[in-house]
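Let me begin by presenting the structure, written as structure tokens, before commenting on it.
The values are calculated or read from the model by the stated rules, or taken from the named source; none is laboratory data. This is a predicted model, so every value here is computed, not measured. Here the Cβ positions follow ideal geometry from the backbone for every residue, glycine too, while neighbour counts run over all protein chains shown. The protein model used for the area step is the full one, side chains on, heavy atoms only, and it has no ligands, DNA or RNA in it. Shrake-Rupley method; radii C 1.70, N 1.55, O 1.52, S 1.80 Å.
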Amino acid sequence: MELSGGEEQVVVEMSEEAFEEAVADALDLIPADLMDKVDNVVFLIEEEPPEDIEPDTLGLYDGTPLTERDSWWASGSLPDRIFIFRGPTLRMCETVAEVIEEVSITVVHEIAHHFGIDDDRLHELGWA
């Protein structure tokens, strides 16, 4: 992929297994008392975001935030999904250490959406 000015973009080399481990490590960093409150969520790693969202999206929360759940929600609701996208993350980072840091930020960011925290507030808190 070429950047403006003819520069070549370097994509970090990281196996799928190593990326999955980075996501697992990021989840392990979330305090247990907070993870205990994460309700009915599955974490998924995908290579690329769906075509209907920005191609440089690193993560996506798909579900009903805890703050919006009511009695209707519990009856037969499928799990919420948090996606972490490997391709865009590897393309935006320059080192494996950067990938690991960005994965951690993305995991926290998407879990925050599960708790009903919007992007504006996450920007204020430095998690965007």
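Restricting to region 57-70, name every residue that is assigned to a loop (DSSP other than H, G, I, E, B) and within 13 Å of residue 85 (Cβ to Cβ).
Once the filter is applied, which keeps residues that are assigned to a loop (DSSP other than H, G, I, E, B) and within 13 Å of residue 85 (Cβ to Cβ), region 57-70 yields 57, 58.
Could you please let me know if residue 116 is within 22 Å of residue 14 (Cα to Cα) and in contact (Cβ under 8 Å) with a residue 12 or more places away in the chain? Can you show your working first?
Numbers: within 22 Å of residue 14 (Cα to Cα): no; in contact (Cβ under 8 Å) with a residue 12 or more places away in the chain: yes.
It is false that residue 116 is within 22 Å of residue 14 (Cα to Cα) and in contact (Cβ under 8 Å) with a residue 12 or more places away in the chain.
Counting only residues that are in contact with a Phe, Trp or Tyr (Cβ under 6 Å, 6 or more places away or on another chain) and modelled with pLDDT of 95 or more, which one in region 60-92 is least open to solvent (accessible area, probe 1.4 Å)?
Checking each candidate, the answer is 82.
Among the candidates 124, 101, 54, single out the residue that is exposed (fewer than 15 other Cβ atoms within 10 Å of the Cβ) and assigned to a loop (DSSP other than H, G, I, E, B). Walk me through it before giving the result.
Details: 124 fails: assigned to a loop (DSSP other than H, G, I, E, B); 101 fails: assigned to a loop (DSSP other than H, G, I, E, B).
On inspection, the qualifying residue turns out to be 54.
Please go through region 9-68 and pick out each residue that is under 12 Å from residue 110 (Cβ atoms) and of a type in the set (S, T, N, Q).
57
What number of residues within region 24-43 are under 20 Å from residue 85 (Cα atoms), among the hydrophobic types (A, V, I, L, M, F, W, C) and open to solvent by 50 Å² or more (accessible area, probe 1.4 Å)?
Going residue by residue through region 24-43, those that are under 20 Å from residue 85 (Cα atoms) are 24-30, 41-43.
Imposing the further condition that a residue be among the hydrophobic types (A, V, I, L, M, F, W, C) reduces the set to 24, 26-27, 29-30, 41-43.
In the following step, the residues that additionally are open to solvent by 50 Å² or more (accessible area, probe 1.4 Å) were identified as 29, 42-43.
The qualifying residues number 3.
Residue-by-condition table, conditions (1) assigned to a loop (DSSP other than H, G, I, E, B); (2) on the phi > 0 side of the Ramachandran plot; (3) touching an Asp or Glu at 6+ places or on another chain (Cβ under 8 Å):
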| position | (1), (2), (3) |
| --- | --- |
| 34 | no, no, no |
| 37 | yes, no, no |
| 44 | no, no, no |
| 72 | yes, no, no |
| 83 | no, no, yes |
| 87 | no, no, yes |
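For every residue, the table says whether it meets (1) touching a Lys or Arg at 6+ places or on another chain (Cβ under 9 Å); (2) open to solvent by less than 50 Å² (accessible area, probe 1.4 Å); (3) at pLDDT 95 or above.
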position	(1), (2), (3)
5	no, no, no
8	no, no, no
19	yes, yes, yes
45	yes, no, yes
